[in-house]
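Each reported figure results from applying straightforward, stated rules to the coordinates on display, with no laboratory input. If you're wondering where the values come from, they're calculated on a predicted model, not measured in any experiment.
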Amino acid sequence: MGELLALLRKDEGLAGWLDGLAALDTSETDTVLPSRDELPDVLLDLAVPHEDVNGLVALREVVLDDPEWRWLLGHCTAGIFRHPESVGAGGPRMPRLPRELGAMARCFAVFVFVAALPRAWALHRERGVPGEVSRRTFADLGRQIAVHRLRRGTAGVETPSWLSLHLRGELFQLGRLQFQRSRLATAWLPLAGAAPSLSLHIPDFCGPLTPAACDMSLAAAREFFPRHFPEERCTLAHCESWLLDQQLGDYLPATSNIIRFQSRFHLTDRPGGPNDSAPVRYVFGDPDLSPADLPRRTSLERAVGDHLRAGLHWYGGRGWFAL
């Protein structure tokens with residue numbers, strides 16, 4: 001065992017992740033990265049910020065020259081396509097890697113994404129997914145890198161495990177919203193067992209969450225999924241988000257985009273205990289900011305900050321609506 005894998009195995013959670021990777025069959029995985037000259041165009045097509053392209057091209061050599069990073073690359077790529085297109089049936093989800101591994105740890109998920117991309121495109125083509133939908137879905141990689149830089153000041157992928165959904169054909173961006181194929185068996189959804197449904201996500205950097213933009217996304221989803229996944233009959237959409245915290249109605253007018261978004265849902269009970277970091281993260285960019293330091297420039301900033309400064313908590317919310 002080399003130094004990299006030995007370091008990862010010092011963490012119990014990462015050791016379990018490595019064991020899961022080692023159990024995968026990689027015999028049908030042909031892990032190839034674009035050449036150094038081709039990689040910049042691939043990254044730009046994925047909406048990777050220009051300022052991060054040169055650094056990622058330099059890291060390509062690290063991945064290919066180190067046998068342990070190559071091993072991780074091949075096995076992570078194979079895990080993505082374990083039972084392709086089956087909801088929730090991928091291999092071990094990629095965690096964040098230790099900080100002491102530096103830029104390579106922060107950016108490793110980029111190379112897994114790029115290595116898996118040709119097969120992901122093929123899955124989309126087999127389903128007849130329009131190229132524009134594929135392109136905008138896969139461009140979430142660039143958004144993840146932009147969010148990481150916004151929150152942490154460096155290149156990296158904010159949530160590595162998230163990106164396998166796009167590559168496996170579980171998640172698609174349709175206009176303002178993202179829709180994830182789901183089979184969620186839970187008491188707060190009026191579904192018989194783990195029936196097919198759509199989990200709704202609200203990505204960053206996509207403009208205001210206006211009713212018109214949401215209407216267009218939902219209209220696209222109602223057409224897209226029966227056409228490209230006819231074997232799955234989704235009767236409802238659901239969402240769990242800080243945006244559905246009903247306490248926001250105490251601060252924002254009924255005409256605000258957020259309250260109008262909430263009004264689409266049958267809102268249910270709170271997901272769990274307090275979760276103050278989520279609204280602070282999404283509204284201000286840094287979940288560790290002190291309530292005393294939160295600016296009050298907009299009605300939403302005032303809502304989130306004033307609530308916390310009053311000694312209260314945010315909990316998030318969840319809800320559903322029929323398609």
Q) What ³J(HN,Hα) values, in whole Hz, does the Karplus curve 6.51 cos²θ - 1.76 cosθ + 1.60 give for the stretch 270-285 when θ = phi - 60°, with x put for Gly and Pro? A) 5, x, x, x, x, 9, 5, 5, 4, x, 5, 4, 7, 8, 10, x
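Just how many % of Cα pairs in the stretch 173-323 lie over 27 Å apart, if you round to the nearest whole percent? Don't jump to the answer; show the numbers that get you there.
Numbers: 2973 of 11325 pairs.
I get 26 percent for the Cα pairs in the stretch 173-323 exceeding 27 Å.
From the Cα gyration tensor of the stretch 1-110, with a ≥ b ≥ c the square roots of its eigenvalues, which class applies: rounded if a/c is under 1.5, or else prolate if a/b is larger than b/c, or else oblate?
Working: a/c = 1.76, a/b = 1.26, b/c = 1.39.
Because a/c hits 1.5 or more and a/b fails to exceed b/c, the stretch 1-110 counts as oblate.
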Q: Please determine, in degrees from 0 to 90 and to the nearest 10, the orientation of helix 299-309 with respect to the longest principal axis defined by the Cα atoms of the chain, where the helix direction is its Cα long axis.
A: 90
Q. So what's the angle, to the nearest 10 degrees on a 0 to 90 scale, between helix 12-22 and the longest Cα principal axis of the chain?
A. 60
Q) Residue-wise, which Karplus ³J(HN,Hα) couplings in Hz belong to the stretch 250-258, taking 6.51 cos²θ - 1.76 cosθ + 1.60, θ = phi - 60°, and x for glycine or proline? A) 6, 10, 9, x, 4, 8, 5, 4, 5
Q) For volume of the Cα convex hull per residue in Å³, the listed values are (1) 125; (2) 151; (3) 139; which was obtained by calculation from the structure presented? A) (2)
Q. For the stretch 249-312, what class follows from the C-alpha gyration tensor (a ≥ b ≥ c being the square roots of its eigenvalues): rounded when a/c is under 1.5, otherwise prolate if a/b is larger than b/c, else oblate?
A. oblate
Q. With each run of n ≥ 4 DSSP H residues scored as -39500 (n - 2.57), what mean residue ellipticity at 222 nm is computed for the chain after dividing by its residue count and rounding to the nearest 500 deg cm²/dmol?
A. -14000 deg cm²/dmol
Q: Using only Cα atoms, tell me the angle between helix 67-80 and the longest principal axis of the chain; keep it within 0 to 90° and round to the nearest 10.
A: 50
